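Structure first, then comments.
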């Protein structure tokens, strides 16, 4: 083994061990702990201009578009996203390159040393977020694209008073157990990233969410762009805007929802242009073309055949996945290899995805909030009684093998239900 590779493997194990120490503190929203920790680190977040991105669906895609275009335009760009698929290093990147495990190990050491033992411990997410802020400050990035972890108002990323742009992508009823049971309450939490007088870009929203966002924008005096979806142009291209101001660009990420996500990114870039950032139309097109976002409507070669991989972990995401498949495969049956964790809206996801004649192969999601697969199987059959097949399998590979062995004509194999499941699958494949 290459000595450098061995060093990285050892460092990655150390990163996991350091972060595992904070797992038992769970998810606890609030800014007191992260603020105290960042103060001990010299307030690195105050040294970094940011684009702050919240929402229910599309956050990751928008962050990927923004960081790719800004890198293409020649800027030094940090990006922070969550969750990761394979390892922690994916969460923090510089100009599209993930942080090395050795660098992350050293950052975590600095962060953990700064924790005050006389106060309540930061959560795992707060520790990794602090490491991201510290890294971006040390690397002197010109802009950091920061994705909210959960909600917005009390999320650990929400410690910057003057974002360049606050972005809110499509909202839906997700994480309602923590953010509130209704869409207006969820919208209120997401709107917490809006700052007085700072520009905002807002994706199309359901009426309940629009009302809340409109009120908060007015209260805070935020100039806002309410984005209209881009239009499909020639194959693989989209167009945003009208008349002479129309921008044409490649659209490498799949699904009609990317007409919204890409438009949100373009609108954000246009605000930066108005602020004096040098971003040409050619750089926008080249940056959009280079955008990659793994595990979301991704075709993957597995054992000599194409399978479709997508998180589809909430009802809105499931509807996007089903719409893509309906458009591509019309009424062909689907083989769903699915794993879900316990705190999700299982019934709504099943209702969005399953159709008569489909087959369902339920698998566990290792190391994450287990759910009783027998209960899931019963639920799926209640929601879609005319499934061709519904079975439980020991692991994701067993489920995929069972799906692949069923030679039902034109059936597509889809692996979905949880980004954690997708990450587990990629680990097994060595991706």
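Bear in mind that the values in this text are calculations on the coordinates, not laboratory data. Values in this document were obtained by computation on a predicted structure and should not be read as measured data. Backbone-built Cβ (ideal geometry, glycine too); neighbour counts: all protein chains shown.
So, in nm, how far is label residue 306 from label residue 330 when the simple model puts each one 7 Å beyond its Cα toward the Cβ?
It is 1.7 nm.
Stokes-Einstein at 4 °C, 1.567 mPa s, Kirkwood radius from Cα pairs: D for the chain in µm² s⁻¹?
It diffuses with D of about 58 µm²/s by this estimate.
Please arrange 291, 23, 214, 378 by how many other C-beta atoms lie within 10 Å of their C-beta, fewest to most.
Exposure proxy ranking, most exposed first: 23, 378, 214, 291.
Which ordering of 300, 80 is given by a fewest-first count of other beta-carbon atoms within 10 Å?
Sorted ascending by nearby Cβ count, the order is 300, 80.
Where the centroid of each part is defined by its Cα atoms, how far is region 202-271 from region 124-163 in Å?
24 Å
Considering only DSSP beta bridges where both residues belong to the chain, give the percentage that are antiparallel (nearest 5).
Taking every DSSP beta bridge within the chain, about 35 percent pair in antiparallel fashion.
Which of the peptides 392-400, 196-204 is most tightly packed, and how do the rest follow, judged by the mean count of other Cβ atoms within 10 Å per residue?
196-204, 392-400
How far apart, in nanometres, would the label points at residue 27 and residue 208 be if each is projected 7 angstrom from Cα along the Cα-to-Cβ direction?
Using points 7 Å along Cα→Cβ, the separation is 1.9 nm.
Decide, for region 298-429, between rounded, prolate and oblate: order the square roots of the alpha carbon gyration tensor eigenvalues as a ≥ b ≥ c, take rounded if a/c falls under 1.5, and otherwise choose prolate if a/b is larger than b/c, else oblate.
Rounded.
How would 293, 133 line up from fewest to most surrounding beta-carbon atoms within 10 angstrom?
293, 133
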